[in-house]
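Written below as structure tokens is the structure these notes are about.
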Amino acid sequence: MIYLDYQATTPLAPEAREAMLPWLSGPEAMGFANPHSPHRPGRAAAAAVEVAREQVALLLPPGGRVIFTSGATEAINLGLSGSGARRLAVSAIEHAAVLDTARVLDPAVDVISANVEGLIDPWTPIADDIGLVAVMQVNNEIGTIQPVEQLADRVHAAGALFLCDAVQGAGKLSVPTNADMIAISAHKLYGPKGIGALWVRDGLELRPLIHGGGQEQGIRSGTLSPALCAGFGAAAALAKKRMEVDTALVEDLWTRARKILSRWTLNGSATRRWQGNLNLCLSGLDVSRLMSDLRDIALSAGSACASGSGRPSHVLRAIGLSDKDAKASIRVGFGRYTNAGELEDACARIDAAAAAQGV
């Protein structure tokens, strides 16, 4: 199997796995202890959680606080709901975790359009009654990198808060330093599934989303997993260390893939994007047939959370593609552990399988 779906999830880094193992041990080592217990094993587990918190914080702006959650979806829900903002504005190409949550909290939510390159205008007007604006750093479907720092300044000038979904950017790019809240996820940066974080700037108070024992700084109740925290921390530290190396690798892979798939139309900006995301359209392509013919290549027809819905991608529609072309698009995602030769082989086979359909 050749894995080319890095936007859906990334492979677990060996370093993250090693960091997790001591906290998955049996009774002899007591790595299973509850980090909220006052005894010695509990305090050791709590110390591991705090080490991980510091490692994750190094990917985020100075100051503020890191609140561990079950993932980015919970982090986004906490930020949107916990802010207390009644009127919201979000971009048209946000992940469903933002769009759907915003529509529940504010049925009249303002939707900010994107241009044909999949970019948001940093000078977009913000209505006077808007209390919070959410724009993602890197789009999960087409990889476009938004001008989030400029947008944050514009939002603050309008008197609103700015929340950034940095799930696809954290560990790859520097996050915006002037956001009020930033949501990230471990499994998108070579860490384990089931854990994410919301970074909250100093001075901003949130209302809890999950009530109970108040374990996580009084904001997020529930027992933390030292193993997941440790894996997240190790993955974050490794991403910070390897950021330049990983970027250079991805740029090389992008060049190789684009050369082979040169006849395909690129969806989204060619220059303002994370190059580990290659979203391509070939008019007339039957994507379901393509994926059936290439069962040993793991690629995507769009966002994993919308897989199987049968609906055209809301992101591709937002940048002007017809429903027909949106359904004739694929996403090829690669990163740190992608083998260049396997990628080239996969791209050649993707193009040949499309040609066999007569497109």
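Within the stretch 322-342, the only residue that satisfies the criterion of being among the aliphatic types (A, V, I, L, M) and surrounded by fewer than 21 Cβ atoms within 10 Å (Cβ to Cβ) is Ala340. Here's a check for you: in the stretch 125-156, which residue that is free of Cβ contacts under 8 Å to residues at least 40 places away in the same chain and under 17 Å from Leu80 (Cβ atoms) is surrounded by the fewest Cβ atoms within 10 Å (Cβ to Cβ)? Applying the filter and picking the extreme gives Ile126.
Restricting attention to the stretch 276-311 and to residues that are surrounded by 19 or more Cβ atoms within 10 Å (Cβ to Cβ) and more than 18 Å from Ala348 (Cα to Cα), the residue that is modelled with the lowest pLDDT turns out to be Ser303. Within the stretch 13-42, residues that are closer than 22 Å to Gly214 by Cβ and of a type in the set (Gly, Ala, Ser) sit with their Cβ atoms under 6 Å from residues that are part of a loop (DSSP other than H, G, I, E, B) and open to solvent by 30 Å² or more (accessible area, probe 1.4 Å), at 6+ positions apart or across chains, in these pairs: Gly42/Asn34. Note on the stretch 2-25: residues that are assigned to a helix (DSSP H, G or I) and either open to solvent by less than 20 Å² (accessible area, probe 1.4 Å) or in contact with a His (Cβ under 6 Å, 6 or more places away or on another chain) (or both) total 1.
Here are the criteria: (1) among the basic types (Lys, Arg); (2) crowded, with 17+ Cβ neighbours inside 10 Å; (3) out of contact with any helix residue (DSSP H, G or I) (no Cβ under 9 Å at 6 or more places or on another chain). Tell me which single one Arg220 does not satisfy. Evaluating Arg220 over (1) among the basic types (Lys, Arg); (2) crowded, with 17+ Cβ neighbours inside 10 Å; (3) out of contact with any helix residue (DSSP H, G or I) (no Cβ under 9 Å at 6 or more places or on another chain) leaves (3) as the failure. Just one of the listed residues (Val133, Val116, Val175, Val155) is assigned to a helix (DSSP H, G or I) and over 15 Å from Phe68 (Cα atoms), namely Val155.
Matching residues to (1) in contact (Cβ under 8 Å) with a residue 24 or more places away in the chain; (2) closer than 30 Å to Asp246 by Cα; (3) touching a strand residue (DSSP E or B) at 6+ places or on another chain (Cβ under 6 Å); (4) among the aromatic types (Phe, Trp, Tyr):
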site	(1), (2), (3), (4)
Gly320	yes, no, no, no
Glu342	yes, yes, yes, no
Asp351	yes, yes, no, no
Ala356	yes, no, no, no
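The values are calculated or read from the model by the stated rules, or taken from the named source; none is laboratory data. If you're wondering where the values come from, they're calculated on a predicted model, not measured in any experiment. Cβ sites come from the backbone with ideal geometry, for glycine too, and all protein chains shown count toward neighbours. All accessible areas refer to the heavy atoms of the entire protein, side chains included, with ligands and DNA or RNA removed. Shrake-Rupley method; radii C 1.70, N 1.55, O 1.52, S 1.80 Å.
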